[in-house]
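The values are calculated or read from the model by the stated rules, or taken from the named source; none is laboratory data. Bear in mind the structure is a predicted one, so any value in this text is a computation, not a measurement. Note: ideal-geometry Cβ built from the backbone for every residue, glycine included; neighbour counts use all protein chains shown.
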Amino acid sequence: MEVAVKRIKQKSKNALVGAMEVAVMCSILKASAISRQHLLPLIGWYVDDEYLYVVTRFMPGGTLLNYLQSLNQNTEDKRNKTEERREQENNARYLKFHRFVSEIVNGMRALEAKRIQHRDLAARNILLTKHQRIKIADFKLSRPDGSQFTFGRIAPRWTAPEVLQNEANFTLRSDVWSFGVVMWEIYSLGSLPYSDVLSRELLNNLLSGRRLDPPYGTPSRIAKLMNMCWKMPASSRPSFVEIDRYLHGRSMHPDSGVSVAEPPPLLAKTRVSSTSAFLYCPDSETVF
(Lines give C-alpha, C1' and ligand atoms only; values in the text may rest on other atoms or scores of the structure.)
Protein backbone atom coordinates (compact mmCIF):
# COMPACT_ATOMS: atom_id res chain seq x y z
CA MET A 1 0.00 0.00 0.00
CA GLU A 2 1.36 3.42 -0.99
CA VAL A 3 1.24 6.06 1.72
CA ALA A 4 1.88 9.78 2.12
CA VAL A 5 3.49 11.26 5.23
CA LYS A 6 2.69 14.87 6.12
CA ARG A 7 5.34 16.48 8.35
CA ILE A 8 4.22 19.66 10.10
CA LYS A 9 6.67 21.79 12.07
CA GLN A 10 5.57 22.97 15.51
CA LYS A 11 6.73 26.50 16.36
CA SER A 12 5.84 26.71 20.05
CA LYS A 13 4.67 24.74 23.09
CA ASN A 14 1.12 25.88 22.39
CA ALA A 15 1.47 24.60 18.84
CA LEU A 16 2.67 21.27 20.20
CA VAL A 17 -0.41 21.04 22.42
CA GLY A 18 -2.45 21.83 19.34
CA ALA A 19 -0.64 19.05 17.53
CA MET A 20 -1.70 16.65 20.23
CA GLU A 21 -5.29 17.73 19.62
CA VAL A 22 -4.83 16.86 15.96
CA ALA A 23 -3.37 13.49 16.91
CA VAL A 24 -6.34 12.67 19.13
CA MET A 25 -8.69 13.88 16.40
CA CYS A 26 -6.94 11.61 13.90
CA SER A 27 -7.53 8.67 16.22
CA ILE A 28 -11.23 9.55 16.45
CA LEU A 29 -11.56 9.72 12.68
CA LYS A 30 -9.61 6.52 12.17
CA ALA A 31 -11.97 4.67 14.48
CA SER A 32 -15.08 6.14 12.88
CA ALA A 33 -16.87 4.08 10.25
CA ILE A 34 -18.42 7.20 8.70
CA SER A 35 -14.97 8.57 7.83
CA ARG A 36 -14.29 5.90 5.23
CA GLN A 37 -16.25 7.31 2.30
CA HIS A 38 -15.04 10.82 1.59
CA LEU A 39 -12.40 11.61 4.22
CA LEU A 40 -8.83 10.63 3.44
CA PRO A 41 -8.06 7.42 5.39
CA LEU A 42 -5.81 8.17 8.35
CA ILE A 43 -3.35 5.35 9.01
CA GLY A 44 -1.44 6.76 11.95
CA TRP A 45 0.36 9.70 13.55
CA TYR A 46 3.46 10.53 15.54
CA VAL A 47 4.52 13.63 17.50
CA ASP A 48 8.02 14.61 18.62
CA ASP A 49 9.42 17.87 20.03
CA GLU A 50 9.48 19.53 16.62
CA TYR A 51 7.03 17.88 14.25
CA LEU A 52 3.64 16.27 13.91
CA TYR A 53 3.65 13.42 11.38
CA VAL A 54 0.35 12.26 9.88
CA VAL A 55 0.33 9.10 7.72
CA THR A 56 -2.42 8.67 5.12
CA ARG A 57 -3.05 6.64 2.02
CA PHE A 58 -1.61 8.00 -1.20
CA MET A 59 -4.30 9.19 -3.64
CA PRO A 60 -3.26 8.68 -7.30
CA GLY A 61 -5.87 11.10 -8.68
CA GLY A 62 -4.03 14.13 -7.31
CA THR A 63 -5.76 17.24 -6.00
CA LEU A 64 -9.19 18.43 -7.04
CA LEU A 65 -7.61 21.79 -7.89
CA ASN A 66 -5.17 20.30 -10.37
CA TYR A 67 -7.94 18.26 -11.97
CA LEU A 68 -10.17 21.32 -12.40
CA GLN A 69 -7.36 23.37 -13.91
CA SER A 70 -6.54 20.54 -16.31
CA LEU A 71 -10.10 20.76 -17.68
CA ASN A 72 -9.45 24.37 -18.60
CA GLN A 73 -6.29 23.38 -20.47
CA ASN A 74 -7.87 20.54 -22.48
CA THR A 75 -10.13 22.70 -24.65
CA GLU A 76 -8.00 23.20 -27.77
CA ASP A 77 -10.11 20.96 -30.03
CA LYS A 78 -13.51 22.37 -29.02
CA ARG A 79 -13.88 24.27 -32.28
CA ASN A 80 -13.86 21.01 -34.23
CA LYS A 81 -16.73 19.51 -32.22
CA THR A 82 -20.39 19.74 -33.10
CA GLU A 83 -22.77 21.73 -30.94
CA GLU A 84 -24.45 18.49 -29.87
CA ARG A 85 -21.12 16.98 -28.84
CA ARG A 86 -20.17 20.08 -26.85
CA GLU A 87 -23.53 20.04 -25.08
CA GLN A 88 -23.11 16.35 -24.19
CA GLU A 89 -19.67 17.04 -22.72
CA ASN A 90 -20.96 20.04 -20.77
CA ASN A 91 -23.80 17.97 -19.32
CA ALA A 92 -21.44 15.14 -18.35
CA ARG A 93 -19.07 17.62 -16.73
CA TYR A 94 -21.91 19.23 -14.82
CA LEU A 95 -23.09 15.87 -13.46
CA LYS A 96 -19.54 15.17 -12.27
CA PHE A 97 -19.34 18.59 -10.60
CA HIS A 98 -22.64 17.94 -8.84
CA ARG A 99 -21.25 14.62 -7.57
CA PHE A 100 -18.09 16.35 -6.34
CA VAL A 101 -20.18 18.84 -4.36
CA SER A 102 -22.33 16.06 -2.86
CA GLU A 103 -19.30 13.99 -1.86
CA ILE A 104 -17.60 16.97 -0.21
CA VAL A 105 -20.77 17.59 1.79
CA ASN A 106 -20.82 13.91 2.78
CA GLY A 107 -17.28 14.16 4.13
CA MET A 108 -17.90 17.42 5.94
CA ARG A 109 -21.04 15.97 7.52
CA ALA A 110 -18.82 13.28 9.03
CA LEU A 111 -16.55 15.93 10.56
CA GLU A 112 -19.54 17.98 11.71
CA ALA A 113 -21.04 14.92 13.41
CA LYS A 114 -17.81 14.54 15.41
CA ARG A 115 -17.71 18.30 16.17
CA ILE A 116 -14.41 18.64 14.30
CA GLN A 117 -13.48 21.80 12.40
CA HIS A 118 -11.43 21.32 9.24
CA ARG A 119 -10.22 24.97 9.08
CA ASP A 120 -8.52 24.70 5.68
CA LEU A 121 -11.17 23.42 3.27
CA ALA A 122 -10.11 24.24 -0.29
CA ALA A 123 -9.83 22.43 -3.63
CA ARG A 124 -6.06 22.10 -3.12
CA ASN A 125 -6.76 20.09 0.06
CA ILE A 126 -9.23 17.70 -1.55
CA LEU A 127 -7.83 14.60 -3.23
CA LEU A 128 -9.21 12.23 -5.86
CA THR A 129 -9.03 8.45 -6.00
CA LYS A 130 -8.14 6.70 -9.25
CA HIS A 131 -11.89 6.58 -9.92
CA GLN A 132 -12.20 10.34 -9.21
CA ARG A 133 -13.99 9.97 -5.90
CA ILE A 134 -13.58 12.75 -3.35
CA LYS A 135 -11.30 12.39 -0.33
CA ILE A 136 -11.10 15.44 1.95
CA ALA A 137 -7.53 15.76 3.22
CA ASP A 138 -4.99 18.01 4.94
CA PHE A 139 -6.15 18.09 8.55
CA LYS A 140 -3.08 19.95 9.84
CA LEU A 141 -5.18 22.96 10.94
CA SER A 142 -8.17 20.91 12.11
CA ARG A 143 -9.39 21.15 15.69
CA PRO A 144 -12.21 19.90 17.90
CA ASP A 145 -15.01 22.47 18.04
CA GLY A 146 -14.26 24.98 20.81
CA SER A 147 -10.48 24.48 20.75
CA GLN A 148 -8.42 27.56 21.67
CA PHE A 149 -5.23 26.29 20.06
CA THR A 150 -4.27 27.28 16.53
CA PHE A 151 -1.16 26.97 14.44
CA GLY A 152 -0.21 27.26 10.80
CA ARG A 153 -1.20 29.80 8.21
CA ILE A 154 -4.79 30.48 7.25
CA ALA A 155 -5.69 31.15 3.61
CA PRO A 156 -7.65 34.44 3.59
CA ARG A 157 -9.44 33.84 0.27
CA TRP A 158 -11.13 30.73 1.68
CA THR A 159 -11.62 32.02 5.23
CA ALA A 160 -14.80 33.42 6.78
CA PRO A 161 -14.74 37.12 7.81
CA GLU A 162 -15.26 36.36 11.51
CA VAL A 163 -12.08 34.25 11.46
CA LEU A 164 -10.10 36.89 9.58
CA GLN A 165 -11.07 39.25 12.40
CA ASN A 166 -10.09 36.79 15.13
CA GLU A 167 -9.07 33.13 14.72
CA ALA A 168 -10.75 32.33 18.04
CA ASN A 169 -14.09 33.00 16.32
CA PHE A 170 -13.82 29.81 14.25
CA THR A 171 -16.89 27.56 14.45
CA LEU A 172 -18.26 24.68 12.41
CA ARG A 173 -20.16 27.26 10.33
CA SER A 174 -16.84 28.85 9.35
CA ASP A 175 -16.12 25.65 7.41
CA VAL A 176 -19.43 26.20 5.60
CA TRP A 177 -18.10 29.53 4.28
CA SER A 178 -15.02 27.74 2.92
CA PHE A 179 -17.24 25.10 1.32
CA GLY A 180 -19.01 27.87 -0.58
CA VAL A 181 -15.64 28.98 -1.95
CA VAL A 182 -14.84 25.37 -2.92
CA MET A 183 -18.07 25.20 -4.93
CA TRP A 184 -16.99 28.40 -6.66
CA GLU A 185 -13.61 26.80 -7.43
CA ILE A 186 -15.32 23.78 -8.96
CA TYR A 187 -17.54 25.76 -11.33
CA SER A 188 -14.75 28.20 -12.25
CA LEU A 189 -12.38 25.33 -13.13
CA GLY A 190 -9.93 26.12 -10.36
CA SER A 191 -9.70 29.89 -10.62
CA LEU A 192 -8.30 32.02 -7.78
CA PRO A 193 -11.05 33.49 -5.56
CA TYR A 194 -11.05 37.30 -5.42
CA SER A 195 -8.13 37.41 -7.85
CA ASP A 196 -8.54 41.20 -8.20
CA VAL A 197 -8.24 41.86 -4.45
CA LEU A 198 -5.07 41.90 -2.35
CA SER A 199 -5.21 39.56 0.64
CA ARG A 200 -4.72 42.44 3.09
CA GLU A 201 -7.74 44.25 1.59
CA LEU A 202 -10.03 41.23 1.50
CA LEU A 203 -11.55 41.54 4.98
CA ASN A 204 -12.79 45.09 4.40
CA ASN A 205 -14.28 43.99 1.08
CA LEU A 206 -16.13 41.10 2.73
CA LEU A 207 -17.41 43.22 5.61
CA SER A 208 -18.68 45.73 3.05
CA GLY A 209 -20.80 42.96 1.52
CA ARG A 210 -18.71 41.86 -1.42
CA ARG A 211 -19.08 38.21 -2.43
CA LEU A 212 -17.80 36.07 -5.29
CA ASP A 213 -19.98 36.14 -8.39
CA PRO A 214 -21.11 32.64 -9.40
CA PRO A 215 -19.05 31.52 -12.43
CA TYR A 216 -20.76 31.70 -15.81
CA GLY A 217 -22.83 28.56 -16.33
CA THR A 218 -23.29 27.74 -12.63
CA PRO A 219 -26.75 26.17 -12.06
CA SER A 220 -29.03 28.63 -10.29
CA ARG A 221 -29.60 26.53 -7.19
CA ILE A 222 -25.85 25.96 -6.74
CA ALA A 223 -25.37 29.73 -7.03
CA LYS A 224 -28.08 30.17 -4.40
CA LEU A 225 -26.32 27.68 -2.13
CA MET A 226 -23.02 29.56 -2.50
CA ASN A 227 -24.67 32.74 -1.27
CA MET A 228 -26.29 30.91 1.66
CA CYS A 229 -22.82 29.70 2.69
CA TRP A 230 -21.53 33.29 2.70
CA LYS A 231 -24.17 34.80 4.97
CA MET A 232 -23.32 36.90 8.00
CA PRO A 233 -23.44 36.30 10.91
CA ALA A 234 -22.05 32.78 10.87
CA SER A 235 -25.10 31.42 12.72
CA SER A 236 -27.28 32.24 9.70
CA ARG A 237 -25.38 29.80 7.47
CA PRO A 238 -26.76 26.29 6.95
CA SER A 239 -25.14 23.27 8.56
CA PHE A 240 -23.76 20.50 6.37
CA VAL A 241 -26.76 18.36 7.33
CA GLU A 242 -29.03 21.10 6.00
CA ILE A 243 -26.91 21.50 2.87
CA ASP A 244 -27.22 17.77 2.23
CA ARG A 245 -31.00 18.05 2.47
CA TYR A 246 -30.93 20.93 0.00
CA LEU A 247 -28.82 19.01 -2.52
CA HIS A 248 -31.18 16.04 -2.31
CA GLY A 249 -34.23 18.14 -3.09
CA ARG A 250 -35.60 18.52 0.44
CA SER A 251 -36.19 21.68 2.42
CA MET A 252 -33.43 22.63 4.84
CA HIS A 253 -35.94 23.13 7.65
CA PRO A 254 -39.23 21.27 8.07
CA ASP A 255 -41.13 24.58 8.32
CA SER A 256 -39.21 26.53 5.69
CA GLY A 257 -41.47 25.75 2.75
CA VAL A 258 -38.42 25.59 0.47
CA SER A 259 -38.76 23.04 -2.31
CA VAL A 260 -35.79 22.32 -4.54
CA ALA A 261 -36.09 20.90 -8.03
CA GLU A 262 -33.51 18.79 -9.81
CA PRO A 263 -30.68 20.92 -11.23
CA PRO A 264 -30.85 22.03 -14.86
CA PRO A 265 -28.03 20.93 -17.19
CA LEU A 266 -24.94 23.07 -17.53
CA LEU A 267 -25.45 24.56 -20.99
CA ALA A 268 -22.68 27.13 -21.21
CA LYS A 269 -18.95 26.89 -20.91
CA THR A 270 -17.29 28.49 -17.93
CA ARG A 271 -15.13 31.61 -18.04
CA VAL A 272 -12.03 31.14 -15.95
CA SER A 273 -8.89 32.89 -14.88
CA SER A 274 -5.50 31.37 -15.63
CA THR A 275 -4.21 32.36 -12.19
CA SER A 276 -3.27 29.43 -9.98
CA ALA A 277 -4.89 29.09 -6.56
CA PHE A 278 -2.06 27.03 -5.06
CA LEU A 279 -0.93 28.16 -1.62
CA TYR A 280 2.59 27.17 -0.60
CA CYS A 281 3.12 26.43 3.09
CA PRO A 282 6.86 26.21 3.88
CA ASP A 283 6.27 24.71 7.33
CA SER A 284 5.02 21.37 6.07
CA GLU A 285 6.06 18.84 3.50
CA THR A 286 4.69 15.64 2.02
CA VAL A 287 6.99 12.67 1.51
CA PHE A 288 5.92 9.74 -0.66
List every residue pair whose Cβ atoms lie under 7 Å apart, where the two residues are 6 or more positions apart in sequence or sit on different chains, the first residue falls within the range 181-200 and is touching a residue at least 40 places away in the same chain (Cβ under 8 Å) and farther than 11 Å from P215 by Cα, and the second residue, located anywhere, is in a loop (DSSP other than H, G, I, E, B) and among the hydroxyl-bearing types (S, T, Y).
-> L192/S273; L192/T275; L192/S276; S195/S273; S195/T275
In the range 195-249, what residues are of a type in the set (S, T, Y) and either in a loop (DSSP other than H, G, I, E, B) or under 17 Å from the mean Cα position of the chain (by Cα) (or both)?
-> S195, S208, Y216, T218, S239
Among residues of the range 144-160 being in a loop (DSSP other than H, G, I, E, B) and either of a type in the set (G, A, S) or closer than 18 Å to R109 by Cα (or both), the residue modelled with the highest pLDDT is A160
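Across the range 93-128, which residue is farthest from the chain's Cα centre (by Cα) among those that are among the β-branched types (V, I, T) and under 21 Å from E242 (Cα atoms)?
From the range 93-128, those among the β-branched types (V, I, T) are 101, 104-105, 116, 126; that's our starting set.
Now restrict to residues that are under 21 Å from E242 (Cα atoms): 101, 104-105, 116.
On the way: V101: 9, I104: 7, V105: 9, I116: 14 Å.
Across the range 93-128, the extreme among qualifying residues is I116.
Every residue, every condition in (1) at pLDDT 95 or above; (2) closer than 25 Å to Q37 by Cα, yes or no:
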| position | (1), (2) |
| --- | --- |
| S142 | no, yes |
| E162 | yes, no |
| R200 | no, no |
| N227 | yes, no |
| E242 | yes, yes |
